[in-house]
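Read the figures in this text as sums done on the coordinates, not as results from a lab. Since the structure is predicted, the reported quantities are computational estimates derived from the model, not experimental observations. Don't worry about glycine lacking a Cβ; one is built from the backbone with ideal geometry, like all the others, and counts go over all protein chains shown.
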């Protein structure tokens, strides 16, 4: 009996050496959303108000694969749902959807934060009376061409904190946001492109590329 027990224990030990550790939490992503802030901002002395979404991105120290200090081609996509002035009273989901992306050449994997900013123009701010924080948004991240899974900090968790709600929101972005493509734009396509008080990464640009 003692010999049989010993063989069983050895078998269990051997299995544990090759079986995946399902009880362990997945490794943290190479980059993650550290913050999402909404602001009403002006250009210089202009009275026109732009709506700014500032997304803080943080590279995890030691996560870069081929270069110990940099994570290459970091892409941030903002999906945003808002309630326009035409939205029926009491409606619980947005009636207008926007999306925009920006891809940085690289960001440092040092734990320091880098800001990606997106803007809606003054006409949209006036038309839809946009102020304050938005309750429906998701941020999609990719690094070096690989899409990263969503986290609590990359979505408006109070409204999109379940997989069903997030899937439904993504479906609305896919079906409804295309009519507004080009309205929500990254910082480098706005008057804030050279604002030294709003630093950001160097972006990959397609203008002029054949």
What FRET efficiency comes out for the pair residue 39/residue 72, r = Cβ-Cβ distance, R0 = 45 Å, nearest 0.05? 0.95
Identify the residues of the range 77-96 with backbone N under 20 Å of a label point that sits 7 angstrom from the Cα of residue 126 along the Cα-to-Cβ direction, or state none. 83-87
FRET efficiency for residue 48 and residue 157, using Cβ-Cβ distance with R0 set to 35 Å, rounded to 0.05: 0.65
Under 8 Å for C-alpha pairs, at least 6 residues apart: give me the relative contact order for the range 28-189, rounded to a whole percent. 28
When the chain is fully extended, how far beyond the present Cα-Cα distance does residue 171 get from residue 105, taking 0.36 nm per residue of separation? 20.8 nm
Taking alpha-carbon centroids only, the range 149-210 lies from the range 65-137 a number of Å equal to 4
For 188, 137, order by how many other beta-carbon atoms lie within 10 Å, fewest first: 188, 137
Give me the number: length gained by fully extending residue 60 to residue 144, i.e. 0.36 nm times residue separation minus the C-alpha to C-alpha distance, one decimal in nm. 28.8 nm
